[in-house]
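Down below is the structure, laid out as structure tokens.
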Amino acid sequence: MMRYLAGRLLRALLTIFLVVTFAFFVLRLSGDPALLIMSVDAPPESVEAFRISWGLDRPVWVQYLRYIVHALTGDLGNSMRDGRPALQLVLERVPATLAITIPAFLLKIAIGVPAGIYAALHRNSLADRMTMLFSVAGFTMPSFVLALLLVLVFSVQLGWLPSSGSEGMANAILPIVTLGAAGAAILARFTRSAMLEVLGQPYIRAASAKGLTWRRVVTEHALPNAAIPTTTIIGFMVGTLIAGAVVVESVFAWPGIGRLLVISVANRDLAVVQTILLFVAATMVTANIIVDLVYGWIDPRMRTSPR
Amino acid sequence: MTEPLIDIRNLTVDFDTGHRVVRALHGIDLAIQSGEAVGLVGESGSGKSVTWLAALGLLGGRARIGGEVRFEGHNLVGAPASELEAVRGARIAMIFQDPSSSLNPVYRIGQQLAEALQLHRGMTSGAALAEAGRLLDRVGIADAMRRLRDYPHELSGGMNQRVMIAMALAGQPQILIADEPTTALDATIQAQILELLQEIRRDSSMALVLISHDLGVVAENTDRVCVMYAGRIVEDAPIATIFEAPAHPYTSGLLAALPELEGPRRPLVAIPGVVPEPWNLPPGCSFAPRCTEFEAACEAAVPPAVELARGHRAACIHARSGVA
Ligand SMILES: Nc1ncnc2c1ncn2[C@@H]1O[C@H](COP(=O)(O)OP(=O)(O)O)[C@@H](O)[C@H]1O
Ligand code: SF4
Ligand SMILES: [Mg+2]
């Protein structure tokens with residue numbers, strides 16, 4: 001177990017390292033930050049001075065080694081726009097992002113799981129078909145389309161909710177619903193198929209043959225088994241709490257990490273983009289490790305091998 | 001004859017597959033006396049499992065069931081869920097072909113046995129666990145108290161079938177339906193499980209319905225055999241009669257395919273052809289395309305079951321009634 005965990009951690013660190021490296025080179029090959037940050041009519045000498053002060057005049061691999069060495073000591077560099085530490089800038093945005101992704105996450109579970117279970121138990125009924133229809137619509141529709149639809153209805157037509165900004169609770173509602181709807185659709189579909197798979201297993205018929213009521217067969221025999229794959233998907237959803245809102249934050253001008261990412265990429269604010277990607281990679285990788293551990297804990301077949 | 005323990009009359013099952021309705025059972029008549037051991041044989045797909053799943057209401061929403069299953073003064077066909085739940089496990093227990101997947105993978109053996117004991121004998125969980133240990137011991141599992149803490153995937157197929165049998169015993173049923181209980185197990189384990197079933201029957205008055213595609217297994221473990229073909233019982237007779245005077249060509253075919261235990265060796269002859277699909281039955285006798293005794297009249301109508309002697313009936317145009 002300890003060996004397995006150590007191997008898993010090593011792979012996780014390698015993944016993060018690769019993401020950071022990839023981001024580093026792609027960002028530097030795709031545009032000159034000096035030209036983007038300085039005004040267009042800035043004299044060539046000051047552009048050159050900017051390059052020198054940020055180390056951009058050195059060979060890329062020297063810049064890379066410096067970055068890695070600094071990162072290992074906890075220094076992720078400063079923003080080229082306002083000179084503040086990139087890490088600080090990113091951390092400031094975390095609460096705003098979590099303020100929409102956590103409620104959206106809860107919404108996904110609260111709607112997706114019961115809908116999937118209900119649909120599976122009433123397979124081919126009208127309710128099942130409707131659930132699946134909404135589910136397909138929910139995850140084929142790009143989130144910006146859904147976001148715009150919601151804005152059209154609730155902001156423009158009805159005037160109930162603000163279409164953008166971050167002044168109060170009301171501003172968070174549409175972003176949360178947009179994120180939650182897509183996730184609920186995926187989760188409903190997944191839960192339904194996990195449940196159908198379990199309901200077709202011989203031990204379900206055997207449990208009925210034992211004399212248990214259908215209610216007990218479902219709650220005590222089917223649900224615990226269907227919970228195993230469903231928990232895995234929910235675990236992966238935890239990994240998207242930080243990075244899963246890029247599009248939605250941009251559409252609704254919500255001041256979270258996603259929006260910071262879009263702005264920083266546009267400005268080639270190198271240190272900030274790299275810090276965000278590091279963050280995203282770390283949360284996803286952590287979530288995956290936790291899912292692995294939880295899986296081993298809830299599924300007895302993972303705990304021991306056959307004798 | 002005394003009143004049968006369970007009396008299946010003209011049982012039919014139709015499956016609604018969405019685009020068509022197919023008839024899997026065409027009117028099964030089968031009565032079991034209390035304490036009797038009856039075998040149900042026939043090739044795969046002949047309707048052996050469906051007969052008993054239908055009787056216990058375990059086929060699910062896509063099956064339409066007709067006819068009657070008379071048990072303790074009630075008709076189980078169309079009975080309310082609560083009535084069926086009171087019969088299942090407690091009066092009629094059923095065990096299945098694949099023991100390892102018939103046990104729930106997320107619960108320990110002990111928990112699953114205790115669940116049955118609490119349900120049928122109203123035991124507290126502590127008493128149920130102790131009794132579960134005794135039951136495991138009864139079905140020949142060594143080190144029973146320790147095994148209670150195992151999960152099904154930690155036991156072999158044979159051990160899991162013993163657990164399933166223990167679970168069936170938990171309800172102290174009048175009838176045990178064993179649906180191909182040894183098909184998934186290897187030969188030595190198969191013999192042990194059959195021996196265990198015999199032993200349990202000797203100690204109790206439980207009736208046994210042994211479903212198998214192997215006439216040899218049924219012959220050694222039951223008193224009477226019903227031969228099924230394409231959703232019908234084509235012959236029903238005591239074991240001795242089946243071997244001495246089979247009346248249906250399908251039964252003769254099954255006998256010819258049986259290895260001889262004593263006497264000169266002879267080549268085994270499998271019946272050529274396959275069981276027709278339920279939606280593609282030939283006209284008249286379903287066995288006609290494979291039958292060596294076939295004649296034109298066989299296609300005219302489905303031959304009715306004829307009583308040849310007391311306790312012996314067969315459904316073939318060549319079977320002539322021997323009882324006045
Ligand atoms: N749930 C089902 N839906 C449709 N057809 C079924 C279903 N269960 C069984 N059948 C059909 O009923 C026939 C009898 O099956 P079964 O009783 O399982 O045969 P066996 O004698 O091997 O136990 C088969 O042709 C099978 O395809
Ligand atoms: S009725 Fe005809 S086809 Fe059918 S079993 Fe008898 S002889 Fe064969
Ligand atoms: Mg079967």
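The values are calculated or read from the model by the stated rules, or taken from the named source; none is laboratory data. Bear in mind the structure is a predicted one, so any value in this text is a computation, not a measurement. Cβ atoms come from the backbone with ideal geometry, glycine included; neighbour counts cover every protein chain shown. Ligands, DNA and RNA are excluded from the accessible area calculation, which covers all protein heavy atoms including side chains. Shrake-Rupley method; radii C 1.70, N 1.55, O 1.52, S 1.80 Å.
Of all residues in the range A:113-129, those that are assigned to a helix (DSSP H, G or I) have Cβ atoms under 6 Å from Cβ atoms of residues that are open to solvent by 70 Å² or more (accessible area, probe 1.4 Å) and not hydroxyl-bearing (Ser, Thr, Tyr), 6 or more apart or on another chain, in A:Asp128/A:His122. Tell me which residues, restricted to the range B:213-233, are in a strand (DSSP E or B) and either in contact with a Lys or Arg (Cβ under 8 Å, 6 or more places away or on another chain) or open to solvent by 10 Å² or more (accessible area, probe 1.4 Å) (or both). Correct list: B:Arg224, B:Met228, B:Arg232, B:Ile233. Among the residues of the range B:71-90, the ones that are open to solvent by 60 Å² or more (accessible area, probe 1.4 Å) and more than 9 Å from chain A (Cβ to nearest Cβ) come to 5 in all. Contact annotation: residue pairs with Cβ atoms under 6 Å, 6 or more positions apart or on different chains, pairing a residue in the range B:37-53 that is among the β-branched types (Val, Ile, Thr) with a partner that is near ligand 1 (Cβ under 6 Å from one of its atoms), are B:Val50/B:Ala24.
For B:Glu68, the conditions (1) touching an Asp or Glu at 6+ places or on another chain (Cβ under 8 Å); (2) facing chain A (nearest Cβ under 9 Å); (3) more than 29 Å from B:Ile271 (Cβ to Cβ) all hold with the exception of (2).
Give me a count of the residues in the range B:108-135 that are part of a helix (DSSP H, G or I) and under 30 Å from A:Glu197 (Cα atoms).
Initially, the range B:108-135 is screened for residues part of a helix (DSSP H, G or I), giving B:109-121, B:125-135.
Checking which are under 30 Å from A:Glu197 (Cα atoms) leaves us with B:109-120, B:132.
Residues that pass the stated criteria total 13.
Could you go through the range B:95-107 and let me know if any residue there is within 10 Å of another protein chain (Cβ to nearest Cβ), in a strand (DSSP E or B) and either more than 14 Å from ligand 1 (Cβ to nearest atom) or buried (at least 21 other Cβ atoms within 10 Å of the Cβ) (or both). Break it down into steps so the answer makes sense when it comes.
Step one: filter the range B:95-107 for residues within 10 Å of another protein chain (Cβ to nearest Cβ), giving B:95-107.
Those still in the list that are in a strand (DSSP E or B) too: B:95.
Next, only the ones that are either more than 14 Å from ligand 1 (Cβ to nearest atom) or buried (at least 21 other Cβ atoms within 10 Å of the Cβ) (or both) stay: B:95.
Checked against the condition, which is being within 10 Å of another protein chain (Cβ to nearest Cβ), in a strand (DSSP E or B) and either more than 14 Å from ligand 1 (Cβ to nearest atom) or buried (at least 21 other Cβ atoms within 10 Å of the Cβ) (or both), the range B:95-107 yields at least one hit.
Taking the numbered list (1) within 16 Å of ligand 1 (Cβ to nearest atom); (2) over 23 Å from A:Trp214 (Cβ atoms); (3) not polar (S, T, N, Q) in turn, B:Gly110 passes all entries but (1).
Considering each of B:Val77, B:Val69, B:Val22, B:Val38 in turn, give the residue that is more than 16 Å from ligand 1 (Cβ to nearest atom) and not assigned by TED's automatic domain parsing to the domain that holds B:Met167. Talk me through it step by step, then tell me what you get.
On the way: B:Val69 fails: more than 16 Å from ligand 1 (Cβ to nearest atom); B:Val22 fails: more than 16 Å from ligand 1 (Cβ to nearest atom); B:Val38 fails: more than 16 Å from ligand 1 (Cβ to nearest atom).
Within the list B:Val77, B:Val69, B:Val22, B:Val38, the selection yields B:Val77.
When only residues in the range B:146-205 that are surrounded by 17 or more Cβ atoms within 10 Å (Cβ to Cβ), over 18 Å from the mean Cα position of the chain (by Cα) and of a type in the set (D, E, K, R) count, which is farthest from B:Asn104 (Cα to Cα)? Ranking the candidates gives B:Arg147 first. Scanning for something open to solvent by less than 30 Å² (accessible area, probe 1.4 Å) and within 16 Å of ligand 1 (Cβ to nearest atom), does the range B:113-123 turn up at least one residue? No, every residue in the range B:113-123 fails to be open to solvent by less than 30 Å² (accessible area, probe 1.4 Å) and within 16 Å of ligand 1 (Cβ to nearest atom).
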